[in-house]
Amino acid sequence: MNWKNVIKKLSASIAICFLLFLPTTGVLAAKETGIDVKKQFSNTLTKAGITKVQSPEQAVGTVIGSVLTYIGVAILVLIIYAGIMWATAAGNDQRIGSAKKILLGAVIGLIIVFTASAAVNFVISKLGDSLVGSS
C-alpha cells in the first residue's frame with residue numbers, strides 16, 4: 001500500500017468535509033453575537049432583487065445538495081466508463097485492472113457522496129432551527 005496516496009486521499013477528504021461544514025461556523029458566530037441571521041439574510045436577498053426568500057440553512061443545503069448532485073453524476077459517468085472499459089477489454093489484463101481501479105474509486109466516491117449528503121442533511125435539520133433566529 002502506498003502511504004503517500006493514502007495520506008493525499010485522506011487530506012482531500014478532510015478538506016472536503018471542512019468546506020462542507022464551513023458555512024455553519026458563520027451561523028454559530030452570529031448566534032454568539034446576538035445577530036438575527038434570518039433577518040439579515042432576508043434583507044440581503046431583498047436588496048439583491050430576489051423575492052423568493054429562503055432561510056440560510058435552506059440556501060446552504062440547496063447549494064451543497066446541488067454540488068453533491070453534480071459529483072454524483074460524474075461518479076455515474078465514471079461507473080459507466082469503467083463498465084464499458086471492462087466489457088471491451090477482450091481479455092487484456094491491464095485494461096481489466098484499470099477498469100477495476102476506476103470502478104472501485106467510483107464506488108468509494110459514491111459512498112462518500114451519500115455519507116456527505118446524509119451528514120449535511122442531518123446538520124442542517126438538527127442545528128438549523130436552534131442556531132438561526134433563536135436569540
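The values are calculated or read from the model by the stated rules, or taken from the named source; none is laboratory data. Being a predicted model, the structure only gives us computed values, none of them experimental. Virtual Cβ from ideal backbone geometry, glycine too; neighbours counted across all protein chains shown.
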(request) Of the numbered conditions (1) at pLDDT below 90; (2) exposed (fewer than 12 other Cβ atoms within 10 Å of the Cβ); (3) of a type outside the set (Lys, Arg), ALA87 fails exactly one; give the number of that condition. (result) (1)
(request) For THR46, state whether it is exposed (fewer than 15 other Cβ atoms within 10 Å of the Cβ), at pLDDT 70 or above and β-branched (Val, Ile, Thr). (result) yes
